[in-house]
Amino acid sequence: MTLVLVREIVQDQDLTILAGRDGLDRKIISAEVHRPGLELAGFFEHFGYERVILLGRTELAYLGEQSGETRKVRLRQLLFFNIPCIIITDDLLVSDDLVELCEKKNISLLRTAVRAGEFVYQLSSYLHNRFAPRKSVHGVFVEVYGVGILIMGPSGIGKSECALELVKRGHRLVADDAVQLMKISDSKILGSPDDMIRHHMEIRGLGIIDIRSLFGIAATADEKSVDMIINLEKWDDQKEYDRLGIFQKTARLIKVEIPSTTIPVREGRNLAVVIETAAMNFYLRRMGIMSAENFSKKLRAKVAGEF
Amino acid sequence: MKRKEVEIKNKLGLHARPASLVVKMASKYQSEIQLIKEDTEINAKSILGVMMLAAGPGQKIVVTADGEDESDAVQSISELIESGFGEELA
């Protein structure tokens, strides 16, 4: 299971450490961010203490209104739980008792200049990203007319050559050889290149080439949703290939169903054109224009009319 | 399916030249061959993939192969890696 350390959010979210340096290695296991309204009022039932605690203007103002004794009790109750860290927003000042308590409990007290409402969103989307299921697959990921197409198939079938031709025709390379996938929702997967091999490609006989230097900034993209999968495989005369295209097949990637098509490869077949057409057909389908179905309907009508 | 854990022995790690040797070796076999470092899993027949691992001396890599010649594949690739690719050892 993925976990994020408090010190990582300090670095990535540019937070100031006010107290509790010894708590920087605490683990965050939830992507939720919590503003403890009811807890500060003394209600701790159902308190999910695995969440990052945010204290904004409202929470600090409420604490400020309480008598010294009540405030101490409430803070002590809050920090009695094993919370990962506390973040103060809006660059607000904090009372000494909170600083002391965090120091004593080894819970990091952090601060950001961002407003509370905005920071809740910012931090939880950052955490959601960090916790998103990931997988690396062997394939080439290209963007063709805005459609993210993951080209898969065995080594040497011509995935990279095909992507190169697509780039030459004005489409964009996202990743060659190894594609990092990240599931961001139940129906959406994002694909991106590894930092190391970003906008590079390997073409047998040429070696490693830099697509951005060769074809310019517009020839590459850093991230794209995976809209369809195209499997390249050796042409097999014994195998039946889809001749109608009425049924949309899907393939599972990190538990998400993605439309998928298998295209047989034979020497001299212009794959780039086939893939471009597949991308345009994908748009048509999404707009509700089902070429194969319409054709079949027309045929049925004609057949019915004749008899 | 065969698997074996090996350690990178040469001083410069899995840089471009050794990576190309691994890919050359892997491509001789029919099996699907993967290299795994921590949570990154790549196809051993892909040069960019192997270089992406950026494995340094002392780091451990798992070699896996699945197919008819899986035993030979795992054996020869792990021997190649453990030999240090004929380079200076760390």
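The values are calculated or read from the model by the stated rules, or taken from the named source; none is laboratory data. These figures come from a predicted structure and were not determined experimentally. Reconstructed Cβ throughout: ideal geometry from the backbone, glycine too, with neighbour counts over all protein chains shown. Side chains are part of the model used for accessible areas, which takes the heavy atoms of the whole protein and leaves out ligands, DNA and RNA. Shrake-Rupley method; radii C 1.70, N 1.55, O 1.52, S 1.80 Å.
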**Study point:** Partner chain coverage, peptide A:135-148 - average Cβ within 10 angstrom
**Key:** 2
**Study point:** Over 31 Å between alpha carbons, listed pairs A:159/B:28; A:224/A:302; A:168/B:37; A:168/A:188; A:224/B:28; A:105/A:255
**Key:** A:224/A:302; A:168/B:37; A:224/B:28; A:105/A:255
Check your understanding: Taking the protein assembly as shown on its own, what percent of its Cα-Cα pair distances exceed 36 Å?
Key -> 45
Practice item. Take every Cα-Cα pair in segment A:165-246 and report what % of them are more than 16 Å apart. Key: 63
Exercise for review: Taking 30 Å² as the minimum loss, tell me which residues in segment B:46-60 lose that much accessible area going from the chain by itself to the full protein complex (1.4 Å probe).
Suggested key: B:46, B:47, B:48, B:51, B:52
Review point. In segment A:134-295, what % of DSSP beta bridges are antiparallel (nearest 5)?
Key: 70
**Study point:** Loop-located GluC sites (Glu not before Pro) in segment B:1-50 whose Cβ has at most 12 other Cβ within 10 Å (DSSP)
**Key:** B:38
Point to revise | Percent of alpha-carbon pairs separated by more than 19 Å within segment A:4-131 | key: 42
Check your understanding: trypsin sites (Lys or Arg not before Pro), restricted to segment A:84-162: which are DSSP loop and have at most 16 other Cβ atoms within 10 Å?
Key -> A:115
Study note, to complete from the structure: Quick tally, 1.4 Å probe accessible area for A:74, B:3, sorted with the most first, runs B:3, A:74
Review point. Going 7 Å from the Cα of residue A:243 in the Cα-to-Cβ direction, what parts of segment A:267-298 have a backbone nitrogen less than 19 Å from that spot?
Key: A:291-298
Review point. Quick one: buried accessible area between A and B, total over both chains, 1.4 angstrom probe, nearest 100 Å²?
Key: 1000
Point to revise | Globularity ratio of segment A:134-295, using Cα Rg and 2.2 N^0.38 Å | key: 1.01
Check your understanding: GluC sites (Glu not before Pro) within segment A:1-72: which are DSSP loop residues with at most 16 other Cβ atoms inside 10 Å?
Key -> A:32, A:45, A:50
Study note, to complete from the structure: As a percent rounded to 5, the proportion of antiparallel DSSP bridges among beta bridges in the protein assembly as shown is 70
